[in-house]
Amino acid sequence: TITQENGSRPKIGQTVTVADAAGDSVDLEVVAILKGTIDSAQVGSLVDTETFDDLVGDTAPIAAFIDVTDGAQSDVEDRIDDRLARRPDITLSAGNALAQVIKSIFDFLINAVTGLLLMSVLVALIGIINTLSLSLLERRRELGLLRGMGMTDVRVRRMVRRESALIAMLGTVTGVVLGLAVGWGLIASIDRLSSANIALGFPGKQLLLVVVLGIALG
């Protein structure tokens, strides 16, 4: 980032002095200012090709930024790795270092929450068992009356199973809805307090799998 002698950042239209490693300097006009984001913090200052050639000269590029379509990152990375297998002097890094650190932190938090979630699922299953056991003990006379009116054992078991599935479905759907609301609120607060600009994703297949497993376990 280029700063003026007084320590302030230049504005569009102002002139700044840029010096190279040899001490040669050139006056440049500020024509644009990058918005402060996680990515732009890694970029620094940009100049046009002619100015760069005047300051640095004819040099080979030492870095390249590659932008790919969403969803094609893994395929493009594999193709580049195949090409780079014959060039050990070139390395490929996915994203900037700061983003990778933030990603590793969030991955750790997600894995920790997933472990706690599995424990809560076990506790919830025990709760369903206790609820149904107490319900059956308190409804012995009702079940006996149903048996006396001709209800078979198969239908009694089917009724209890449907009750357990209903309880599990209510708990699972309620948890999914509350989880989506909390996740949306967390992302909105992060975007408001920082320039991360995180988009809200809706993993429909994963949520559907959670609902089906919840009902099946119940």
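The values are calculated or read from the model by the stated rules, or taken from the named source; none is laboratory data. Since the model is a prediction, treat every value here as computed from it, not as a measurement. Glycine also receives a Cβ, built like all others from the backbone with ideal geometry; neighbour counts cover every protein chain displayed. Accessible surface is based on the protein model in full, side chains and every heavy atom, while ligands, DNA and RNA are left aside. Shrake-Rupley method; radii C 1.70, N 1.55, O 1.52, S 1.80 Å.
In this entry, R161 is excluded by the filter for residues that are open to solvent by 50 Å² or more (accessible area, probe 1.4 Å), more than 14 Å from I215 (Cα to Cα) and either aromatic (F, W, Y) or free of Cβ contacts under 8 Å to residues at least 24 places away in the same chain (or both).
Within the bounds of segment 114-133, is there any residue that is open to solvent by 60 Å² or more (accessible area, probe 1.4 Å) and more than 21 Å from A216 (Cα to Cα)? No, the conditions are met nowhere in segment 114-133.
Would you say V31 is in a loop (DSSP other than H, G, I, E, B), within 37 Å of the chain's Cα centre (by Cα), modelled with pLDDT of 80 or more and loosely packed, with under 11 Cβ neighbours inside 10 Å? Break it down stepwise before answering.
On the way: in a loop (DSSP other than H, G, I, E, B): yes; within 37 Å of the chain's Cα centre (by Cα): yes; modelled with pLDDT of 80 or more: yes; loosely packed, with under 11 Cβ neighbours inside 10 Å: yes.
Against the criterion (in a loop (DSSP other than H, G, I, E, B), within 37 Å of the chain's Cα centre (by Cα), modelled with pLDDT of 80 or more and loosely packed, with under 11 Cβ neighbours inside 10 Å), V31 qualifies.
Is at least one residue of segment 50-73 over 30 Å from R158 (Cα atoms), among the charged types (D, E, K, R), open to solvent by 80 Å² or more (accessible area, probe 1.4 Å) and modelled with pLDDT of 80 or more? Steps first, answer last, please.
The first filter runs over segment 50-73 and keeps only residues over 30 Å from R158 (Cα atoms), leaving 50-73.
Adding the requirement that they be among the charged types (D, E, K, R) leaves 50, 53-54, 58, 67, 70.
Pick out the ones that are also open to solvent by 80 Å² or more (accessible area, probe 1.4 Å) and you get 50, 54, 58, 67, 70.
When the remaining residues are screened for being modelled with pLDDT of 80 or more, the result is 50.
Within segment 50-73, one or more residues are over 30 Å from R158 (Cα atoms), among the charged types (D, E, K, R), open to solvent by 80 Å² or more (accessible area, probe 1.4 Å) and modelled with pLDDT of 80 or more.
Selection within segment 182-216: residues that are in contact (Cβ under 8 Å) with a residue 24 or more places away in the chain and under 26 Å from A99 (Cα atoms). The member of this set that is most open to solvent (accessible area, probe 1.4 Å) is N197. When each of G179, G175, G201 is tested for being closer than 21 Å to V113 by Cβ and either at pLDDT below 85 or within 14 Å of the chain's Cα centre (by Cα) (or both), the lone residue that passes is G201. Give me the pairs, please: first residue somewhere in segment 99-118 and touching a residue at least 24 places away in the same chain (Cβ under 8 Å), second residue anywhere and open to solvent by less than 100 Å² (accessible area, probe 1.4 Å) and among the aliphatic types (A, V, I, L, M), beta-carbon distance under 9 Å, and either six or more positions apart or on two chains. Pairs found: A99/I38; I102/I38; I102/A196. Annotation: of all residues in segment 76-113 being part of a helix (DSSP H, G or I) and of a type in the set (S, T, N, Q), the one that is least open to solvent (accessible area, probe 1.4 Å) is S104.
Just the residues that are of a type in the set (G, A, S) and closer than 13 Å to E163 by Cβ, please, taken from segment 129-153. Spell out how you get there, then give the answer.
Pass one, segment 129-153, residues of a type in the set (G, A, S): 133, 135, 144, 148, 150.
S133, S135 - these are the residues of segment 129-153 that are of a type in the set (G, A, S) and closer than 13 Å to E163 by Cβ.
Scoring G171 on the criteria (1) free of Cβ contacts under 8 Å to residues at least 40 places away in the same chain; (2) part of a helix (DSSP H, G or I); (3) surrounded by 11 or more Cβ atoms within 10 Å (Cβ to Cβ) leaves a single failure, condition (1).
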